[in-house]
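Written below as structure tokens is the structure these notes are about.
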Amino acid sequence: MNAPIIDVQVTLSRWPFRRLPLDETPALVEALQSHGITQAWAGSFDALLHKDIASANARLVDECAKHGSGVLLPFGTVNPKLPDWEEDLRRCAEDYGMRGIRLHPNYHGYALDDPLFARLLQLATERKLIVQITTAMEDERMMHPLLQVKPVDVNPLVDLLPTVPGARIVLLNALRTVPAPILPKIIGAGEVYAEIASLEGVGGITNILQHMPAGRLLFGSHAPLFYLESALLKIKESPLTDEQLNGICRENAARVLAA
Amino acid sequence: MLNPPAEIWDLHTHLSGVPGRTPDEKMVNLLGFAERMGIAKQVVFMGMEFSYEPTPEKFRQENDEVLQALSHYHDRAFGFVYLNPKFEKESLDEFDRCVVNGPMVGIKLWVAEHCNAASLDPIIARAAAHKALVFQHTWIKITGNLPGESTPMELAELASRHPGAILICGHCGGDWELGIRAIRPHKNIYADLAGGDPTAGFTEMAVRELGVERVLFGSDAGGRSFASQLAKVYGARITDDDKRLILSGNLKRLLTPILEAKGVKV
Ligand SMILES: [Zn+2]
């Protein structure tokens, strides 16, 4: 695998519960580059719990500019439960020129059938922003006892997406939280993509392609919380055609970004 | 990912979760994926369908499935015998059938009984007498363990009663930051890296707190991918020599006495 890779899920700053070997941005970028990852869509761990999300987004932009080496694309976070969240969205689009945003509905306390989410999705789509939805950050079984967060239920997307034409959704860590049999319904509800970071099972990519088209599958590592090598080895574990491999590793993500 | 490539022995694989209708079909598929990932040898345990509290009939059937799967691949795979300590006599008989008089080299205990229970003692003593490895599943779930599901703290109790046994802490308790601490004082407990998310820092902490000799690579395939689990070793900030010990050297060292006793060249 020598072709360049687009990683749609990395995260900067500090995971709240432990230090991670690659949680300094220069070290992360060096690791990404050493594995042929030429672009990575970066959110911030600060976005999970910080109320001053505007400063978390500002730091994310700053960090990507200072240490990103042209690899990191900042994906700011908007929390629609915060007062005047529309201004955060405006800054992401207008001031920072971001290509997308990353949402954490479970950490921010709303469900996808909340009218606030519908409005956020509508406004983000009008601003041509990709909307990443992280369905889970980690395994619920080992969460901190004082911070147990259920995975996001993505079923409301089925009814919502037809009402928001042009919406581009990238689900993060959903291939563990969304059962494979209901995946076609979710992926088919609109322009919905999923990435491989938390995909499991022997020959995982081969298996999941029986439930969704290869054109909707993206490369995501969930580094630095996960070892970067996990996603890289998954594309080796499953026997894939060159077309599937190029699509998953790069072309699908490039197409989402260009739209 | 190492140069030259590391020899890899996988401590922890299953027939369940692998495509195929028979043990033989599943084994072919499992080995096919393993080969793509450079895995030379693997340990297999439990049958085509898992059972929390197997009756003696059920664990015998599961072990028969593993024996069948192994039958064509004694050069590439080893088996551990699945037992239920709630059936002490039947478990000892099954150990004799599959380990003493058969090709298997260890025991797998899952969630039928807490591993600090006295009912384990004769089984662990018999395993130690035959140099068989004892793999005990453990997890610490903030969402609640299964009724008979063991923790690493319970395994530590068992270890202090059986200092001569080779005990493996399955999944390192899942919540590995707790599991590693719980087994740390007991030099005869080894850490299985398998079966949880590839969370960065796990392997580094295990090596730091236990010493590299006590850390073993396992995948828990087919439920898990080989990729996510190998990443825990390849991605760790440890030396290449340490990676080689974890990927095969340590397991080879632990299995050598029982394999040699069976006349298998290592
Ligand atoms: Zn297992």
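Brief remarks follow.
- Only one of A:Gly220, A:Gly188, A:Gly203 that is open to solvent by 10 Å² or more (accessible area, probe 1.4 Å) and of a type in the set (Gly, Ala, Ser): A:Gly188
- Selection count, segment A:168-184, where residues are more than 13 Å from chain B (Cβ to nearest Cβ), open to solvent by 10 Å² or more (accessible area, probe 1.4 Å) and part of a helix (DSSP H, G or I): 3
Listed here are the residues, each with its yes/no results for (1) within 18 Å of the chain's Cα centre (by Cα); (2) farther than 30 Å from B:Trp176 by Cα; (3) surrounded by 24 or more Cβ atoms within 10 Å (Cβ to Cβ).
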site	(1), (2), (3)
B:Asn63	yes, no, yes
B:Arg76	yes, no, no
B:Asn84	yes, no, yes
B:Met104	yes, no, yes
B:Ser119	no, no, no
B:Ala128	yes, no, no
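- Note on segment B:207-263: residues that are open to solvent by less than 10 Å² (accessible area, probe 1.4 Å) and touching a His at 6+ places or on another chain (Cβ under 9 Å) total 8.
- Taking each residue of segment A:170-181 that is in contact (Cβ under 8 Å) with a residue 12 or more places away in the chain and looking for partners that are aromatic (Phe, Trp, Tyr) with beta-carbon atoms closer than 8 Å, six or more apart or interchain, yields A:Val170/A:Tyr193; A:Leu171/A:Tyr193.
- Taking (1) open to solvent by 50 Å² or more (accessible area, probe 1.4 Å); (2) within 14 Å of another protein chain (Cβ to nearest Cβ) in turn, B:Ile140 satisfies each apart from (1).
- The residues of segment B:202-233 that are within 16 Å of the ligand (Cβ to nearest atom), more than 16 Å from B:Gly173 (Cα to Cα) and among the small types (Gly, Ala, Ser), listed by number, are B:Ala221, B:Gly222, B:Gly223, B:Ser225, B:Ser228.
- Restricting B:Ile8, B:Ile39 to residues that are under 30 Å from B:Asp241 (Cβ atoms) and in contact with a strand residue (DSSP E or B) (Cβ under 6 Å, 6 or more places away or on another chain) narrows the list to B:Ile39.
- The one condition in (1) within 14 Å of another protein chain (Cβ to nearest Cβ); (2) closer than 19 Å to A:Ala254 by Cα that A:Leu20 fails to fulfil: (2)
- Qualifying residue in segment A:177-194 (condition: hydrophobic (A, V, I, L, M, F, W, C), within 26 Å of A:Thr38 (Cβ to Cβ) and under 14 Å from the mean Cα position of the chain (by Cα)): yes
Residue-by-condition table, conditions (1) in contact (Cβ under 8 Å) with a residue 60 or more places away in the chain; (2) among the β-branched types (Val, Ile, Thr); (3) away from the ligand (no atom under 15 Å from the Cβ); (4) away from chain A (no Cβ under 14 Å):
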residue	(1), (2), (3), (4)
B:Glu7	yes, no, yes, yes
B:Leu15	yes, no, no, no
B:Thr22	no, yes, yes, yes
B:Gly47	no, no, no, yes
B:Tyr52	yes, no, no, yes
B:Tyr73	no, no, yes, yes
B:Phe80	no, no, no, yes
B:Arg97	no, no, yes, yes
B:Asn101	no, no, yes, yes
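- Taken over segment A:225-237, the criterion of being of a type outside the set (Phe, Trp, Tyr) and either surrounded by fewer than 24 Cβ atoms within 10 Å (Cβ to Cβ) or not in a loop (DSSP other than H, G, I, E, B) (or both) is satisfied by A:Glu229, A:Ser230, A:Ala231, A:Leu232, A:Leu233, A:Lys234, A:Ile235, A:Lys236, A:Glu237.
- For segment A:14-55, a residue qualifies if it is open to solvent by 40 Å² or more (accessible area, probe 1.4 Å), over 22 Å from B:Met1 (Cα atoms) and in a loop (DSSP other than H, G, I, E, B), and the qualifying residues are A:Arg14, A:Pro16, A:Phe17, A:Arg18, A:Arg19, A:Glu24, A:His50, A:Lys51, A:Asp52.
- For B:Glu65, the test of being of a type outside the set (S, T, N, Q), modelled with pLDDT under 95, over 29 Å from A:Ala231 (Cβ atoms) and within 16 Å of the ligand (Cβ to nearest atom) is failed.
- Against the list (1) under 19 Å from the mean Cα position of the chain (by Cα); (2) crowded, with 18+ Cβ neighbours inside 10 Å, the condition A:Ala58 fails is (2).
- Within segment B:130-170, the set of residues being within 15 Å of the ligand (Cβ to nearest atom), over 11 Å from the mean Cα position of the chain (by Cα) and among the aliphatic types (A, V, I, L, M) comprises just one member, B:Leu146.
- Flag if B:Glu260 is farther than 23 Å from B:Leu133 by Cα, of a type in the set (D, E, K, R) and either assigned to a helix (DSSP H, G or I) or away from chain A (no Cβ under 13 Å) (or both): no
- Filtered by the rule that a residue be in a helix (DSSP H, G or I) and either open to solvent by 10 Å² or more (accessible area, probe 1.4 Å) or within 16 Å of the ligand (Cβ to nearest atom) (or both), segment B:177-192 gives B:Glu177, B:Leu178, B:Gly179, B:Arg181, B:Ala182.
- Scanning segment B:143-155 for residues that are within 18 Å of B:Glu177 (Cα to Cα), surrounded by 17 or more Cβ atoms within 10 Å (Cβ to Cβ) and within 14 Å of chain A (Cβ to nearest Cβ) returns B:Asn145, B:Thr151, B:Pro152.
- Hits in segment B:86-102 - residues which are under 29 Å from A:Arg141 (Cβ atoms) and open to solvent by 10 Å² or more (accessible area, probe 1.4 Å): B:Lys86, B:Phe87
- Search result, residues across segment A:217-245 that are touching a residue at least 40 places away in the same chain (Cβ under 8 Å) and more than 9 Å from chain B (Cβ to nearest Cβ): A:Leu218, A:Phe219, A:Gly220, A:Ser221, A:Leu245
- Which listed residue, of B:Gly195, B:Gly144, is touching a residue at least 12 places away in the same chain (Cβ under 8 Å), out of contact with any Pro (no Cβ under 6 Å at 6 or more places or on another chain) and assigned to a loop (DSSP other than H, G, I, E, B): B:Gly195
- Of all the numbered requirements in (1) in contact with a Ser or Thr (Cβ under 6 Å, 6 or more places away or on another chain); (2) in a loop (DSSP other than H, G, I, E, B); (3) surrounded by fewer than 19 Cβ atoms within 10 Å (Cβ to Cβ), B:His114 misses one, and that requirement is (3).
The values are calculated or read from the model by the stated rules, or taken from the named source; none is laboratory data. No experiment lies behind these values; they were computed from the predicted model shown. All Cβ positions, glycine included, derive from the backbone under ideal geometry; neighbour counts span all protein chains shown. Accessible surface areas use protein heavy atoms only, side chains included; no ligands, DNA or RNA. Shrake-Rupley method; radii C 1.70, N 1.55, O 1.52, S 1.80 Å.
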